[in-house]
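I'd like to ask you about the structure that follows.
The values are calculated or read from the model by the stated rules, or taken from the named source; none is laboratory data. Note that this is a predicted model, so its numbers are computed, not measured. Ideal geometry is used to build each Cβ from the backbone, glycine not excepted, and the neighbour counts take in all protein chains shown.
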Amino acid sequence: MIDLSTRDIKFLQGVGPQRAAVLNKELGICSFKNLLYYFPYKYVDRSRLYLIREIDGNMPYIQLRGRILSFETFGEGRQRRLVGHFTDGTGVIDLVWFQGLKYIEGKYKANEEYIVFGKPTVFSGRINVAHPDIDPAADLKLSEMGLEPYYNTTEKMKRHSLNSHAVQKLMKNLFALLKEDAFDETLSPSLVAAYHLMPLTDALHNIHFPRNPEFLRKARYRLKFEELFYVQLNILRYTKERRNKFRGLVFGRVGEIFNTFYSKNLPFELTGAQKRVIKEMRQDMRSGRQMNRLLQGDVGSGKTLVALMTMLIALDNGYQACMMAPTEILATQHYETITRFLAGMDVRVELLTGSIKGKRRETVLRDLLTGDVHILIGTHAVIEDTVGFSSLGLVVIDEQHRFGVAQRAKLWAKNVSPPHVLVMTATPIPRTLAMTLYGDLDVSVIDELPPGRKPIQTVHQFDNRRASMYAFMRKQIQEGRQVYVVYPLIQESEKMDIKNLEDGYLHICEAFPEYKVSKVHGKMKPVEKDEEMQRFLRNETQIMVATTVIEVGVNVPNASVMVIENAERFGLSQLHQLRGRVGRGADQSYCILVTGYKLTEDTRKRIEIMVQTNDGFEIAEADLKLRGPGDLEGTQQSGVAFDLKVADIAKDGQLLQYVRDIAERLLDSDPNGERPENAIVWRQLRELRKKNVNWSVIS
Ligand code: ADP
Ligand code: MG
């Protein structure tokens, strides 16, 4: 028996060292097994014949049986093309070649019967198939051809003659080598039987060369089941191990600090959602288990206040709390907000960022160690090794997707027992993704905005219609409001970004000579950036021209218009975040998405969704469907290897839930992995863990 996982791909018939290098570099395929697990992205039904009169321009592929009536050539030199007029008795179409004209004309004869396969397009009213596959009808047994697999390939692969067809051929060579028992089953017989799964061997055969659509469906189901099952089993197992290892700090009481704040300082009623979420966290923190909670709430839903009240519970139980924000501006803003909220109370709050230095810093560090500082707010600076606490009980992380796994692990180490952890995000993560990415986090949702907010009105504007937009901005400013104008960051070129922004800035200054304009971008020194933000906050400037540095958290309630230039360059969640910068006061707010005239289908959809809804969850779901989970903001940085080959988090949410329950039951019935009937499962899990060190180790 061949060991598929160690056998170098270059030894496969049809590969060799050169192509092996290409496969390796382009697709990460090094072994026989890697190739085996390179699945087709689609299948074409080759058993089906169409009639010419049935064809329209939208069909992805067609297959016809008929005859070439005659050949004709058109054009000169490089423009030359060969056209074969082809009929099946129900109509005539054109087969077209731009290359190999002589060869084609010599090879195919008029009036012989052929099977033609290819992609139809309609060109000036006639149906064309360019460079079709042609076989003599006598040579093909269609009923045996079934579904033909198509594999994704790259430009570089194609240059080495590794197109989809060639990959298919390699796959055939591979299967020809393998005996029926070449694959070790990766799920236990009891699971395979209980959930009517296709055995692995059959599933692998049928995912590449399906006998029919029903076999393909079963093969895909089996492989998806397995992928999602192990993802969930791993997360659940990990969570259990962690719970066994650590005891959570017990915050048994809600005491004087919390109650004083609630009755004396809280300036408004909590929303129902805020109350519910605070209660959920109280339960966690007194349960004896370490809290690991993800708090999702749309921009403006009042997460900061919830975080503050949770921190006060920690203080009431004799512990310190710490809150971490991704930028200096945000940390400072949190610090100011929280200091204001706590005015008159005997709670010491300190700020620690990169720009707090010298004596000030020394004092903060010293008083943290003695416990005189109760709440520390800061940037990444708080996780530096020089920062120690006397008794850290709770860590709040704002805008979680900017913090990596390693950074979080560092925070953990700052107390003997790990502190409770609250992760807050305004980028709502769809449930299915949360279960995969953050499966070991409990999730709380603030699904209600404070009363009195008016939904932001969003419009789409083409960029050749600026005059009316400027008129609208002017009117808003005359009414006392302020305006943001945001430009995208194009990562390939910082110079371009700045130029884009500078041009926009000059343009705005010219168009609004009577007003003051601020400018903020990522290349400015933090102090300058901050000063400019502060000017805007004090309403000394009326228009803020900025890159996406203002994306997260910044709060200027008087700003009521958000203009997003080149909106086509932004992803959905980013657009939503930016829009969340307005609509924070009592006034009606507006978001104007400016784009060029030509839009791709995807962009059109994104804009449409933004115009239609303000609901962050709806937007996140749509984003997931449009982009796929690998692209979602945060997933790359989160340290989770996303290695789903067949399952699709966006589409297989139900199956995910289903297998999670199965994994949970298995873990409950065999918590120590001792039962012989599960031996395969535990062995497989160990294998997968070896490969993916970071898998699911999130917080
Ligand atoms: P986010 O969830 O985006 O972090 P914030 O915590 O910044 O939201 O809250 C947005 C604004 O709403 C703040 O000015 C805050 O003081 C205010 N706010 C929070 N909770 C309430 C409430 N229950 N009623 C009225 N205003 C509230
Ligand atoms: Mg916030």
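I'm checking my understanding of the structure. Among residues of region 1-57 that are basic (Lys, Arg) and either in a loop (DSSP other than H, G, I, E, B) or not assigned by TED's automatic domain parsing to the domain that holds Lys172 (or both), which one is surrounded by the fewest Cβ atoms within 10 Å (Cβ to Cβ)?
Arg53
Looking only at region 569-582, decide whether some residue is within 16 Å of ligand 2 (Cβ to nearest atom) and farther than 21 Å from Leu489 by Cβ.
no
Let me ask another. Looking only at region 410-428, decide whether some residue is under 22 Å from Gln612 (Cα atoms) and either modelled with pLDDT under 75 or part of a strand (DSSP E or B) (or both). Write out each step before concluding.
Let us first name the residues in region 410-428 that are under 22 Å from Gln612 (Cα atoms), namely 426-428.
Remaining after also requiring either modelled with pLDDT under 75 or part of a strand (DSSP E or B) (or both): 427-428.
Yes; the residues of region 410-428 include at least one that is under 22 Å from Gln612 (Cα atoms) and either modelled with pLDDT under 75 or part of a strand (DSSP E or B) (or both).
Now for a different question. Against the condition part of a loop (DSSP other than H, G, I, E, B), among the β-branched types (Val, Ile, Thr), away from ligand 2 (no atom under 16 Å from the Cβ) and more than 35 Å from the chain's Cα centre (by Cα), how does Val364 come out, does it pass?
No; evaluated as a whole, the condition is false for this residue.
Given (1) at pLDDT 85 or above; (2) within 16 Å of ligand 1 (Cβ to nearest atom); (3) in a helix (DSSP H, G or I), identify the lone condition not met by Arg581.
(3)
Output yes when any residue across region 356-379 is closer than 30 Å to Leu578 by Cβ, within 16 Å of ligand 1 (Cβ to nearest atom), assigned by TED's automatic domain parsing to the domain that holds Gly272 and surrounded by 22 or more Cβ atoms within 10 Å (Cβ to Cβ), and no when none is.
yes
For the subset of region 272-319 comprising residues that are surrounded by 24 or more Cβ atoms within 10 Å (Cβ to Cβ) and of a type in the set (S, T, N, Q), which member is farthest from ligand 2 (Cβ to nearest atom)?
Once the filter is applied, the top-ranked residue is Thr310.
From Ile329, Ile338, grab the single residue that is within 16 Å of ligand 1 (Cβ to nearest atom) and at pLDDT 95 or above.
Matching residue, one of Ile329, Ile338: Ile338.
Another one. Can you tell me which residue within region 508-556, out of those that are touching an Asp or Glu at 6+ places or on another chain (Cβ under 9 Å) and among the charged types (D, E, K, R), is modelled with the highest pLDDT?
This residue is Lys516.
From the list Ile115, Ile93, which one is within 30 Å of Ala219 (Cα to Cα), surrounded by 15 or more Cβ atoms within 10 Å (Cβ to Cβ), over 41 Å from the mean Cα position of the chain (by Cα) and touching a residue at least 12 places away in the same chain (Cβ under 8 Å)?
Ile115
Within region 249-266, identify whether any single residue is modelled with pLDDT of 90 or more, within 11 Å of ligand 1 (Cβ to nearest atom) and within 30 Å of Phe341 (Cβ to Cβ), and answer yes or no.
Yes, region 249-266 contains a residue that is modelled with pLDDT of 90 or more, within 11 Å of ligand 1 (Cβ to nearest atom) and within 30 Å of Phe341 (Cβ to Cβ).
What helices (runs of 4 or more DSSP H) completely inside region 238-353 contain at least 3 residues that are among the basic types (Lys, Arg) and either touching a residue at least 40 places away in the same chain (Cβ under 8 Å) or over 19 Å from Pro418 (Cα atoms) (or both)? Write out each step before concluding.
On the way: elements: 256-260, 272-285, 303-316, 328-341.
In region 238-353, 272-285 are the helices (runs of 4 or more DSSP H) which contain 3 or more residues that are among the basic types (Lys, Arg) and either touching a residue at least 40 places away in the same chain (Cβ under 8 Å) or over 19 Å from Pro418 (Cα atoms) (or both).
For residues that are aromatic (Phe, Trp, Tyr) and either in contact with a strand residue (DSSP E or B) (Cβ under 7 Å, 6 or more places away or on another chain) or within 17 Å of Glu328 (Cα to Cα) (or both), tally how many sit in region 339-395.
Of the residues in that region, 1 qualify.
May I pose another question? Is it fair to say Ala110 is in a loop (DSSP other than H, G, I, E, B), loosely packed, with under 14 Cβ neighbours inside 10 Å and touching a residue at least 12 places away in the same chain (Cβ under 8 Å)?
Yes; evaluated as a whole, the condition is true for this residue.
Here's something else I'd like to know. Take Asp133 and tell me if it is modelled with pLDDT under 90 and among the charged types (D, E, K, R).
On the way: modelled with pLDDT under 90: yes; among the charged types (D, E, K, R): yes.
The answer is yes for Asp133.
Continuing with this model, one more query. Can you name every residue in region 120-140 that is under 20 Å from Tyr108 (Cβ atoms) and not in a strand (DSSP E or B)?
Within region 120-140, His131, Pro132, Ala137, Ala138, Asp139, Leu140 qualify.
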